[in-house]
Amino acid sequence: MAANAPASHLTWLGQAGFLLETARQRVLIDPWLSPHEARLFEPPPFELVAEEIDWVLVTHEHIDHLDLPFLRRLALHSPRACLVLPAASVPAAEGVMEVCAVVPGERIDLGGLAAHVMPAWHALDVADGYSDGAGAFVGYVIHGAGPTIYHAGDTIADPGLAAAVRGEAVDVALLPVNGRDGARDARNIAGNLDAREAVELARAVGAHTLVPHHWDALAGNTERAGAAADEAALVGGLHVLVLARLVRYRLG
């Protein structure tokens, strides 16, 4: 980012949710602001993300990523906002707000920003097995905010993932670190990268900074975010930034 360029800011909303603010755009990624019986902390204040939202990027249709009650409220406060989500998830969001359906490999103009849609490997139900879901699971590489940002959505490790993202000149990788195990699979909680795998992916795509997420919000599906820093220390060459919830972080 040039010294005289307007600053961009990133705010972690908990779980996989982020607010990206630039001089021209306010973009939400996987916001989850609705109450839930398994939440370990209160939802972020609606006022923080209610006004002047331009885009909402959603990676898949699990409720902690596609929060339909929140989006219905948001549509009343930010009527120009457009919801970007995988084409397979469009029926779930029908009638909520303006929708832009995407598939992996697509590039979306966000009005001063650009999002390149990446594949992800996940499961809506564990019994279905982990796969790319024929485009039902995606991540986004966002260009134009200063540092290039990669939000992986929910995903496990797969050779195709690093191959798809490599070449995007990623600076900051926002990656899940809660992992997966048999106990959670038995409860139909689809898992993600663990801390070691997140570090490996961040390094493989050339990122200089890893921001762990998806480790804090749901009872029975948490992880110690510092585990990513421990893993990074073993291999070097990667900063791990554990963001505080609801605190704006200046990018650049």
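Every read-out reported here was derived from the displayed coordinates using simple, explicitly stated rules and does not represent laboratory data. The structure displayed is predicted, hence computed values, not measured ones. Because the Cβ atoms are built from the backbone with ideal geometry, glycine has one as well, and the counts that use them run over all protein chains shown.
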**Asked** Do we have any residue at all in segment 191-199 that's touching a residue at least 40 places away in the same chain (Cβ under 8 Å) and within 15 Å of the chain's Cα centre (by Cα)?
**Response** yes
**Complete:** Filtering segment 151-165 down to residues that are closer than 18 Å to His65 by Cα and either free of Cβ contacts under 8 Å to residues at least 24 places away in the same chain or buried (at least 24 other Cβ atoms within 10 Å of the Cβ) (or both) yields His151, Ala152, Gly153, Asp154, Thr155
**Request:** Please work out if Gly144 is under 22 Å from Leu57 (Cβ atoms), touching a residue at least 60 places away in the same chain (Cβ under 8 Å) and small (Gly, Ala, Ser).
**Result:** yes
**Complete:** Reported set for segment 95-116 where residues are in a strand (DSSP E or B), over 19 Å from Arg26 (Cβ atoms) and in contact (Cβ under 8 Å) with a residue 24 or more places away in the chain is Val102, His116
**Message:** For Gly237, only one of the following conditions fails: (1) loosely packed, with under 15 Cβ neighbours inside 10 Å; (2) part of a strand (DSSP E or B). What is its number?
**Reply:** (2)
**Message:** Can you go through Leu74, Leu33 and tell me which one is without any contact (Cβ under 8 Å) to a residue 60 or more places away in the chain, assigned to a loop (DSSP other than H, G, I, E, B) and either in contact with a Ser or Thr (Cβ under 6 Å, 6 or more places away or on another chain) or surrounded by 18 or more Cβ atoms within 10 Å (Cβ to Cβ) (or both)?
**Reply:** Leu33
**Request:** Quickly run through segment 117-132 and pick out the residues that are under 17 Å from the mean Cα position of the chain (by Cα) and either within 17 Å of Ala93 (Cβ to Cβ) or free of Cβ contacts under 8 Å to residues at least 40 places away in the same chain (or both).
**Result:** Val117, Leu124, Asp132
**Request:** Go through segment 232-252 and give me each residue that's in contact with a Leu (Cβ under 9 Å, 6 or more places away or on another chain), of a type outside the set (Val, Ile, Thr) and within 21 Å of Val170 (Cβ to Cβ).
**Result:** Ala232, Leu238, His239, Leu241, Leu243, Tyr249, Arg250, Leu251
**Request:** Would you point out which residue out of Ala92, Ala88, Ala23 is assigned to a loop (DSSP other than H, G, I, E, B), out of contact with any Lys or Arg (no Cβ under 9 Å at 6 or more places or on another chain) and small (Gly, Ala, Ser)?
**Result:** Ala23
